[in-house]
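Remarks on the structure that follows.
The values are calculated or read from the model by the stated rules, or taken from the named source; none is laboratory data. Since the structure is predicted, the reported quantities are computational estimates derived from the model, not experimental observations. Cβ atoms come from the backbone with ideal geometry, glycine included; neighbour counts cover every protein chain shown.
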Amino acid sequence: MSAVSWSLQKAMFAQLAADAGVKTELGDPPRIYDAPPSDAVYPYAVLGEGRASPLDGVDGGVEHEVRIGIFSRYQGRREVKRILDALYDALHEASFAVDGAHLVSSRFVFADVFARDAQGGFSGVARFRVVTQLM
């Protein structure tokens with residue numbers, strides 16, 4: 001992982017936590033976790049798996065793949081899709097500060113929605129490609 005991965009996660013959390021659409025879907029303050037507590041209130045999001053790799057041809061450039069998981073007990077896909085839309089609006093082509101690096105770009109890559117359990121709960125995942133350049 002790059003030296004800026006933790007700074008990027010904190011910056012993305014701050015960007016999401018400040019977004020009105022995210023607050024509408026996940027509460028105020030929004031229920032966004034690094035690791036959810038055992039008594040987490042639904043729906044919530046988790047700043048999940050990530051990957052960082054050098055960006056060829058860019059001195060200090062790092063390409064980050066960031067996944068955000070969504071967990072819902074709503075009996076259908078609507079809630080997860082609304083949250084995914086809010087995440088997209090907050091992060092796609094967004095500009096935010098990352099300690100120790102310049103944010104080059106933040107782009108949405110894909111989203112998936114899954115039936116999670118026999119009780120009808122759903123989950124989702126959004127993946128973003130973020131490029132930073134070390135300062």
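Helices (runs of 4 or more DSSP H) wholly in segment 1-93 with at least 3 residues that are buried (at least 19 other Cβ atoms within 10 Å of the Cβ) and among the aliphatic types (A, V, I, L, M) - which ones? Give the derivation first.
Numbers: elements: 5-18, 20-26, 78-91.
Counting at least 3 such residues, we get 5-18, 78-91.
What is the number of the single condition among (1) under 14 Å from MET12 (Cα atoms); (2) of a type in the set (Ser, Thr, Tyr); (3) outside any loop (DSSP other than H, G, I, E, B) that SER123 does not meet?
It is condition (1) that SER123 fails.
If you check PHE122, PHE96, which single one turns out to be touching a strand residue (DSSP E or B) at 6+ places or on another chain (Cβ under 7 Å), over 15 Å from LEU16 (Cβ atoms) and surrounded by 15 or more Cβ atoms within 10 Å (Cβ to Cβ)? Explain how you work it out, then say what you get.
Working: PHE96 fails: over 15 Å from LEU16 (Cβ atoms).
Testing whether each residue is touching a strand residue (DSSP E or B) at 6+ places or on another chain (Cβ under 7 Å), over 15 Å from LEU16 (Cβ atoms) and surrounded by 15 or more Cβ atoms within 10 Å (Cβ to Cβ) leaves just PHE122.
Where residues in segment 107-120 are in a strand (DSSP E or B) and touching a Ser or Thr at 6+ places or on another chain (Cβ under 8 Å), which of them is farthest from ASP85 (Cα to Cα)? Walk me through it before giving the result.
Filtering segment 107-120 for residues in a strand (DSSP E or B) gives 107-115.
Filter once more, so that each one left must be touching a Ser or Thr at 6+ places or on another chain (Cβ under 8 Å): 113-114.
Working: VAL113: 12, PHE114: 16 Å.
Looking at the filtered set, the residue picked out is PHE114.
From (1) hydroxyl-bearing (Ser, Thr, Tyr); (2) under 11 Å from the mean Cα position of the chain (by Cα); (3) closer than 23 Å to GLY120 by Cα, pick out the condition that doesn't hold for TYR44.
(2)
Checking LEU87 against (1) of a type in the set (A, V, I, L, M); (2) within 12 Å of the chain's Cα centre (by Cα); (3) modelled with pLDDT under 95, only one condition comes out false. Which one?
Answer for LEU87: the failing condition is (3).
Exactly one condition in (1) more than 15 Å from the chain's Cα centre (by Cα); (2) in a strand (DSSP E or B); (3) farther than 30 Å from MET135 by Cβ; (4) modelled with pLDDT of 95 or more is not met by LEU103; state its number.
LEU103 satisfies every listed condition except (3).
Let me confirm something: among ALA111, ALA115, which residue is surrounded by fewer than 18 Cβ atoms within 10 Å (Cβ to Cβ), under 22 Å from ALA40 (Cβ atoms) and not β-branched (Val, Ile, Thr)? Before you say what the answer is, go through the steps one by one.
Working: ALA111 fails: surrounded by fewer than 18 Cβ atoms within 10 Å (Cβ to Cβ).
Just one listed residue meets the conditions, ALA115.
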